[in-house]
Amino acid sequence: MCPKVTELHKSEVRGRIIRAAMESFAQTGYDKTKMDDIAKRLGLSKGTLYLYFKSKEDLFFGICEHSMEEGKDDDSKLFTKKENAASDAEQIYDNIRRRERGNDRIILEMVVESARNPRLRKAMHEYRQKVHDHVLQEIKKKSEDGFIRKDVDVNGIAVALVALYDGLAINRMIGMSDAMNKRAWVAMIKAMIAGSS
């Protein structure tokens, strides 16, 4: 009799697959990585891999979802006092960097690849929409709490923050120091808060 596969076991296997995919994408690039490569890295059959992820695009989306899940509660406790804006902005930057674990290159590669791959473009669009929605919900909460004015365009701020972080990721890719990027992030958030309070 075959033992039942528990949800915990499924979750652990899924996590291992995601980590292996991130390593493979980082080493050889998204385009050159095959599902076989990821299965071999894990010592799993390709069939087992396909039980968890239908395609490489689905696997990439799984990576994105995993990152989003890790960050759900990280930032909600920040930005409660205006005098802590700089340290809170630094904490958010550090939280995002920790969740990404240096995978900026993978995300940027996906952006480029999505110009040629409609399925990946769809997955990227869905992921970016979720990132935007997460940021937007956090900003709306701060507006409801009185941290920022109610008449501020919270959607515009959410788009700007996501775009700012994306630009800083490109800076890192071309060799700008993380310390300089973090200073820019903090300066912009402080300016946004000052202008919207």
## Note on the structure
So the angle from the long Cα axis of helix 104-114 to the longest Cα principal axis of the chain, reported in degrees to the nearest 10, equals 70 degrees
### Query
Taking Cα atoms, how many degrees apart are the long axis of helix 56-70 and the longest axis of the chain, rounded to 10 and kept between 0 and 90?
40 degrees
### Message
Students often forget the sequence filter, so: which lysines lie under 29 Å Cα-Cα from Lys82 once same-chain residues fewer than 8 apart are removed?
### Response
Lys72, Lys130, Lys140, Lys141, Lys142, Lys150, Lys182, Lys190
### Summary
In degrees rounded to 10, the 0-90 angle between helix 154-173 Cα long axis and the longest Cα principal axis of the chain is 60 degrees
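Which of Val154, Val13 comes first, and how do the rest follow, when ranked by fewest Cβ neighbours within 10 Å?
Final ranking by Cβ density, sparse to dense: Val13, Val154.
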### Summary
Most fluctuating of Ser67, Ser55, Ser24 in the GNM of the chain (C-alpha, under 10 Å) is Ser55
### Query
Using unit Cβ charges (K, R positive; D, E negative) and no other charged atoms, how large, in debye to the nearest 20, is the dipole of the chain about its Cα centre?
440 debye
### Query
Which Cα, out of Leu164, Gly146, Ile189, lies furthest along the positive dipole direction of region 86-197 (beta carbon charges, K/R +1, D/E -1)?
Leu164
### Query
Under a Cβ-Cβ cut-off of 15 Å, what is the net charge of the residues other than Lys40 that fall near it, where Lys and Arg count +1 and Asp and Glu count -1?
+4
### Task
Whole Å is fine, so just give me how far the alpha carbon centre of region 151-197 lies from that of region 40-60.
35 Å
### Task
Straight distance only, please: which lysines reach the Cα of Lys34 with their own Cα at less than 18 Å, same-chain residues fewer than 8 apart left out?
Lys46, Lys54, Lys56
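No lab work stands behind these numbers, since they all come straight from the coordinates. Every value quoted in this text rests on a predicted model; they were computed, and no experiment measured them. Neighbour counts are summed over all protein chains in view; Cβ atoms, including those assigned to glycine, are modelled from backbone coordinates with ideal geometry.
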